Amino acid sequence: MHRRSIILFCLLAAGALLGSCHRSAPAPNPTTTTNTLRIVSLSPAATDILRGLGLADSLVGRNSADAWTDRSVPSCGELGRIDYEALLAARPTHVFVQEPSLPPRLQQLAAQHGFLALNLSLLSLDEIRTSTRGIVDSLPPAHQKAATPELDRIELTMHRAWAPASSIHQGNVLLLASIDPPAALGPGSFHVQILQRLGGTNTPAVGPPYITLSAEDIVALAPAAIILIQPRAVTHPAREHTTDEALAALGVLARLDTPAVRARRVALIDDPKAHLPSTAMIDLADQMRAIIETWARSEPPAK
């Protein structure tokens, strides 16, 4: 799946997703009452949460577009398209999806074959937290007990990462998801939620989670700072980027007359999971915190 398609699915489906999770009602089956755990995850974000909970070894089916899971794990479809033949061949005890609603065919098969189907909504920080606990709550008791220490660690880390920054840059921040065409991450996106929880102010202040802009729009917004969130390929190593590199990544937008460019208050976040609504938002918050605290330290003291 093309990266922009994944971004659009995550950011524009907010109005369609209903509730934080929806379960099917499985028929009795020995696999759900023993210590056997076989998980098919058709959401890369859910799979990322599973890895954080120490459940990666229980994965028997993956999303075909998942760039982080070993290719030896069979593909069972992708967002919006389930390969039911491959799914049943995996003999799951649990199936996690991220859809507008739980597909009726999946509900039917869950009841028929006795697996649990859980539909996760992961479009806000609170939903990421709730769904992480919901995954653990869906497990058999022995696996719940094993995963609880990791769940406790994750929840404590979320609380720390999504708390206010020690110091904050005073000025509105434009979070860009794309430069060609220019597109902002708007209110309702988990990126803006992170910025707001850190104490920052986003621009545009109103609009959908993903907002296509023109060069004139950006000049009119007059952002005091710009953070370009542009994930690199999974195979590329992580490294810090200089302001010059961030300006270069902006391309023609770096030639616009904005306070951010004039002050060289521009940064690049290229974390491959930067658009993955999962526990990856912990790392994204840490990166955003480091940027805005650095900007705050470079500002002259208030008179």
For this session: Take the residues in the range 284-295 that are open to solvent by 20 Å² or more (accessible area, probe 1.4 Å) and in contact (Cβ under 8 Å) with a residue 24 or more places away in the chain, then tell me which one is nearest to Asp66 (Cα to Cα).
Result: Asp286
Exercise. Going through the range 220-250 one residue at a time, which ones are assigned to a helix (DSSP H, G or I) and either touching a Ser or Thr at 6+ places or on another chain (Cβ under 6 Å) or touching a residue at least 40 places away in the same chain (Cβ under 8 Å) (or both)?
Worked result: Leu221, Ala249, Leu250
Seminar exercise, completed: Those helices (runs of 4 or more DSSP H) completely within the range 1-119 that have 2 or more residues that are modelled with pLDDT under 95 are 3-12
For this session: Within the range 35-59, count every residue that is surrounded by fewer than 18 Cβ atoms within 10 Å (Cβ to Cβ) and closer than 16 Å to Gly134 by Cβ.
Result: 0
For this session: Please enumerate the residues belonging to the range 213-236 that are more than 20 Å from the chain's Cα centre (by Cα) and open to solvent by 30 Å² or more (accessible area, probe 1.4 Å).
Result: Ser214, Ala215, Glu216, Asp217, Val219, Ala220, Leu221, Ala222
Exercise. Out of curiosity, is Ala267 surrounded by fewer than 22 Cβ atoms within 10 Å (Cβ to Cβ) and modelled with pLDDT of 95 or more?
Worked result: no
Exercise. Do we have Ala146 as in a helix (DSSP H, G or I), aliphatic (A, V, I, L, M) and either open to solvent by less than 50 Å² (accessible area, probe 1.4 Å) or on the phi > 0 side of the Ramachandran plot (or both) here?
Worked result: no
Exercise. Within the range 102-116, is there a residue that is surrounded by 21 or more Cβ atoms within 10 Å (Cβ to Cβ) and either within 17 Å of Ile49 (Cα to Cα) or under 24 Å from the mean Cα position of the chain (by Cα) (or both)?
Worked result: no
Exercise. So which residues in the range 150-163 are part of a helix (DSSP H, G or I) and either among the hydrophobic types (A, V, I, L, M, F, W, C) or open to solvent by 80 Å² or more (accessible area, probe 1.4 Å) (or both), if there are any at all?
Worked result: Leu151, Arg153, Ile154, Leu156, Met158, His159, Arg160, Ala161
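The values are calculated or read from the model by the stated rules, or taken from the named source; none is laboratory data. This one's a predicted model, so the numbers in the text were calculated from it and none came from an experiment. As a convention, Cβ positions derive from the backbone with ideal geometry for all residues, glycine included, and neighbour counts pool all protein chains shown. Areas reflect the complete protein model, heavy atoms only, side chains present, ligands, DNA and RNA absent. Shrake-Rupley method; radii C 1.70, N 1.55, O 1.52, S 1.80 Å.
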